[in-house]
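Just so it is clear, none of the values below were taken in a lab; they were calculated from the coordinates. Treat the numbers as computed from the prediction; the structure is a model and nothing was measured. All Cβ positions, even for glycine, are placed from backbone atoms using ideal geometry, and neighbour counts span all protein chains on display.
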Amino acid sequence: MKDTKLETRAAELTPVKTVYLRDYRVPDFLFDQVELNFDLGEEETIVKSRIHVRRNPEAQTGAAAPLVLQGEELALEAVAINQQQLSPADYQVTDDSLTLFKVPEHFELQIQVRIKPQENKALSGLYRSGEHFCTQCESQGFRRITYFLDRPDVLSSFTTTITASEARYPILLSNGNPVASGKLAGGRHWVRWEDPFKKPGYLFALVAGDFDLLEDQFKTCSGRTVALRIYVEKGYREQSHHAMQAVKKAMTWDEENYGREYDLDIYMLVGMSDFNMGAMENKGLNIFNTKTLLASPETATDDDFIYVESVIAHEYFHNWTGNRITCRDWFQLSIKEGLTIFRDQSFTEDTTAKTVARIRDVNALRVRQFPEDAGPLAHSVRPESYERIDNFYTSTVYNKGAEVARMLRTILGAQQFRQAMDLYFKRYDGQAVTIEEFVKVMEDVSQLDLTQFRLWYSQAGTPLLTVNEAYDAHQKTYTLTFEQTCPPSPGQPTKKPMFIPVKMGLLNPSGQELPLEWEGSPVSTPVKEAVLHIQKPKQEVVFKNLDVHPIPSLLRGFSAPIKMNFDYSDPALATLFQSDTDQFNRWEAGQKLSERCLLRLITAYQQKQPLHLSDEISTLWESALRQGPEDKFLLSQMLSLPSERYLAELLPVIDVDAIHAAREFMALELAKKLNSLWLQTYQALHDPQAPYRYTVEEIGQRQLKNLSLYYLMLLPEQVDLGLAQFTAALTQNMTDTIGALRCLNNLDHPARQLALDQFYTTWQQQPLIVDKWLALQASSKRASTLSEVKKLTRHPAFDLKNPNKVYSLIGSFAQQNMHRFHAPQGEGYVFLRECVLQLDQFNPIVAARMVKPLVEWRRYEAKRQYLMREQLELILQHPKLSQDVQELVTKSLQEE
Ligand code: BES
Ligand code: ZN
């Protein structure tokens, strides 16, 4: 159906320029050295730059080509070439550029601009966060500081001088090492920083203000001592010890696992309250959102502790995968983000609980990346075009990109993968590279032909692998037939078959592993686990010498980011759940069983039939609770139901009410059926006196305990249990506080409000805890949640200008609370549209992130489709819309 109204509307919008990968050209000019001079003031800041420019010998344009610099929101005061001031006839300034018409081969360029960080609410470029100055330059924020060749393949050495009031800004930081400083008249002082490593503008950082400092040091593998400094807002020093431990852990891990050593004498981490993202890897001066840096037992949950550690590791690992080797252009973003996510995931697997870490990453991929890959914004890991690059920091580039790196390790084996990484660092250190160059080192080391594998970078969509089995008792053979397809995605109507590594094993009916022998096996002696290379649209593998009909354990550890269908019997899944040697597949088998029950319940609900749950799952769970894995962290994952968002992915049309009803019903049934066991488990693990310790063992205990509490509190008689835990933990242990409050939060019981009020009164001075308070209320299952969320937008603790507040309140509601966000009359959609439009007036990056829940409108039934679409069209009709939001909304409304 053509929509003419929409087409006319699109024609009125500001024209946006699409950038294509195929148009990449090397830069016309190179900036060898950059000297920056900041004069920070209370109303405005003067930025002077002095740049050694030379024409790129490899430029594809002629010697007369002008120098075109990017710049936004800048007031140009002066331009000079080789100390000669230019007159306005020599250049042209537009909203987003400065063009110098005639320039020599080599020259010194001087520019002076004025900017207003105090008015910068987009939090991109130089801005204020409370009493501090701070920067965020990735991807295109540097052009909001001064005119520049703001592209990742222009690498320069930076010298930065910062001048400011000494009383207000005693600490002045930038990348590299401090080399000089001094005092000036009028209470001002200055510090000069020199970064010996060449870098693109997006890795530049500046921080100024008064901070608490936590110091430590690290001795690297070659014996150098690195000063570690964590700067946090006044009063937060005690909450930064965990971060310091994490830094040292990450540094050690990268030395041991990748042979990578830190390269500067100082490594600085700064925490900021106003920050669009989680954190940023600026060379030598990483900047963190306070929520990814601060953690102490009474203020942060176990999950926060783990998250902080993983973000710190991530930004630290970027020093090699991102900074020393950066991307040639933004289409190559996954070369730093996908690879670095893979590295931080491996770190978390190694330093916490391997399988639990993997389960969480796979869950995240399934509920975030799979829908993206099936929706109107689907794109490949290396996109081919974009309007706004900010919109391409996606789950596909990050999480699918990480899976692709992981598959390379699976295919090459850990040893060859490491050799290939060593070669990558050796060959490309100091350069801006492409994904192709990364794959090439993998190929060079392994001698494998990875031509087909490269499709993972260029082809969008989640492949579907259908597996069938045939056992021949007479021949003792077992044949697995693999058939792969991949659905069409925007701009890619047909797909080629992919190279899918399927890690697998075979079990006999009593759960023991069988030796694998098959035709074409690369090894002659039987093994217990193999990685099959599935490369054809249809492919058979015949296993030999099998006396019994085996149970296949397929896609172990989720060895490829695909959907897989195999028609397991329920008993086969039960066997895998109880005995597979692959812990991930044990969990997966349990989820499959629960999924089956839930899908039956969903159908029953839709057909208005009574809901009923057989004893199968509770029997299995009971035995797992009595004699399951020692690892309680893993056990708690095995006893959790698939999320509503996961279930949504399985339905052709998302039915939020049926999903919610089915899942709530099943949880309640499991609560009743295993009631005494939950109580026993809870009591065995709960010790209100025990001090918090951050160990994997104790995290597992708290997880299982709080899971037991969750089931117990689904039953009305257990309110006191939760209230008691809440009260005892409130000022001591945030994991247990939230564990209890999360349950109370769903109740229509006076205890809920009492606890929420007490929580707020106790912690209202701690912004990150107030964020939790907002997020909890936004994710409540209660019917009044939307009206409470609206009320909270007017609460003094809420602030639309602060991204953390927005993510906690509006994000939790729209992204996590499916049932309430998709209220049947569309009230949730109206609310989100209003928020997005307000946000978009000053912070397009955050607005574009918030609009996401509406873009997958096609997945819902006709009425909700209509209601969601209506809000999207209203957004497009707004007279002042950012390109960021416009790109997403327009693409989501485009005809398929
Ligand atoms: N380089 C990014 C930060 C970034 C993201 C800058 C988007 C500009 C646009 C950083 O390394 C990053 O990926 N941060 C993540 C956290 C990480 C642990 C996945 C973030 O900010 O969410
Ligand atoms: Zn990153």
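With 32 Å as the limit on Cα-Cα distance, the pairs of Lys291/Lys863; Lys249/Lys632; Lys17/Lys121; Lys283/Lys790; Lys536/Lys863 that go past it are Lys291/Lys863; Lys283/Lys790; Lys536/Lys863. Computed extension length for Gln83-Gln60: 5.5 nm, one decimal, from 0.36 nm per residue of separation with the Cα-Cα distance subtracted. With a Förster radius of 35 Å applied to the beta-carbon distance between Ala185 and Asp265, the computed FRET efficiency rounds to 0.65.
Among the helices of the chain (complete DSSP H runs), which have Cα atoms covering no less than 30 Å along the helix axis and a Kyte-Doolittle mean of at least -1.0? Membrane-span-like by this criterion, though nothing is claimed about a membrane: 583-606. Once you have a ≥ b ≥ c as the square roots of the Cα gyration tensor eigenvalues for segment 772-896, tell me rounded if a/c is under 1.5, and otherwise prolate or oblate according to whether a/b is larger than b/c. Oblate is the answer for segment 772-896, as a/c is 1.5 or above yet b/c matches or exceeds a/b. In terms of surrounding Cβ atoms within a 10 Å radius of their Cβ, Ser676, Ser157, Ser273 rank from fewest to most as Ser676, Ser157, Ser273. Calculated translational diffusion coefficient of segment 645-699 (10 °C, 1.306 mPa s; Stokes-Einstein with Kirkwood radius over alpha-carbon pairs) equals 110 µm²/s.
FRET efficiency for the Glu44 to Gln764 pair, using the beta carbon distance and R₀ = 41 Å, is estimated at 0.75.
Look at the dipole of the chain built from charges on Cβ: of Val696, Gly259, Thr146, the Cα furthest out on the positive end belongs to Thr146.
The relative contact order of segment 296-391, computed from alpha carbon pairs under 8 Å that lie at least 6 residues apart in sequence, is 26 percent.
If R0 equals 45 Å, the separation of the Cβ atoms of Asp547 and Asp657 corresponds to a calculated FRET efficiency of about 0.35. Dividing the mean sequence gap of close Cα pairs (under 8 Å, 6+ apart) by how many residues the chain holds gives a relative contact order of 8 percent.
Dividing the C-alpha radius of gyration of segment 400-503 by 2.2 N^0.38 Å, with N its residue count, gives 1.34. A simple packing score, the average count of other Cβ atoms within 10 Å per residue, orders the peptides 371-382, 853-864 as 371-382, 853-864, with the highest score first. According to the square roots a ≥ b ≥ c of the eigenvalues of the Cα gyration tensor, what is the shape class of segment 1-155, taking rounded for a/c under 1.5, prolate for a/b larger than b/c otherwise, and oblate for the remainder? Taking the square roots of the gyration eigenvalues as a ≥ b ≥ c, segment 1-155 is oblate. Distance between the modelled labels on Lys790 and Asp615, one decimal in nanometres: 4.9 nm (7 Å Cα→Cβ projection). Projecting the Cα atoms of Ala414, Val441, Phe425 onto the charge dipole of segment 405-449 (Cβ charges, centred on the Cα centre) puts Ala414 farthest toward the positive pole.
Counting neighbouring beta carbons within 10 Å and listing from fewest to most, the residues Phe499, Phe275, Phe101 come out as Phe101, Phe499, Phe275. Net charge in the neighbourhood of Leu40 (other residues with Cβ under 11 Å of its Cβ; Lys, Arg +1, Asp, Glu -1) is -1. Placing a pseudo-label 7 Å from each Cα along the Cα-to-Cβ vector at Gln877 and Asp96 gives an inter-label distance of 2.7 nm.
With one equal scatterer per alpha carbon and no solvent term, the Debye-computed log10 I(q)/I(0) for segment 484-549 at 0.20, 0.22, 0.25 1/Å reads -0.85, -0.96, -1.13. Taking every C-alpha pair closer than 8 Å and separated by at least 6 residues, the mean separation divided by the residue count of segment 214-257 gives a relative contact order of 34 percent.
Between Gln894 and Asp720, residue separation times 0.36 nm minus the direct Cα-Cα distance comes to 57.4 nm. If you take the Cα centroid of segment 832-861 and the Cα centroid of segment 519-593, the two points sit 41 Å apart. Protection proxy ranking for 648-656, 423-431, using the average of other Cβ atoms within 10 Å per residue and placing the highest first: 648-656, 423-431. For the chain, the C-alpha radius of gyration divided by 2.2 N^0.38 Å, with N the number of residues, is 0.97. Quick check: Cα centre of segment 601-666 to Cα centre of segment 66-131, how many Å? For segment 601-666 versus segment 66-131, the Cα centre distance is 58 Å. Going by a ≥ b ≥ c, the root eigenvalues of the Cα gyration tensor, does segment 372-436 fall in the rounded group (a/c under 1.5), the prolate group (a/b larger than b/c) or the oblate group? Here segment 372-436 falls in the oblate category. Extension gain, Lys608 to Ala862, is 89.5 nm, computed as 0.36 nm per intervening residue step minus the present C-alpha separation. Ordering Trp330, Trp587 from the fewest to the most neighbouring beta carbons within 10 Å gives Trp330, Trp587. Using alpha carbon centroids, what distance separates segment 752-818 and segment 669-687, in Å? Value for the Cα centre distance between the two parts: 30 Å.
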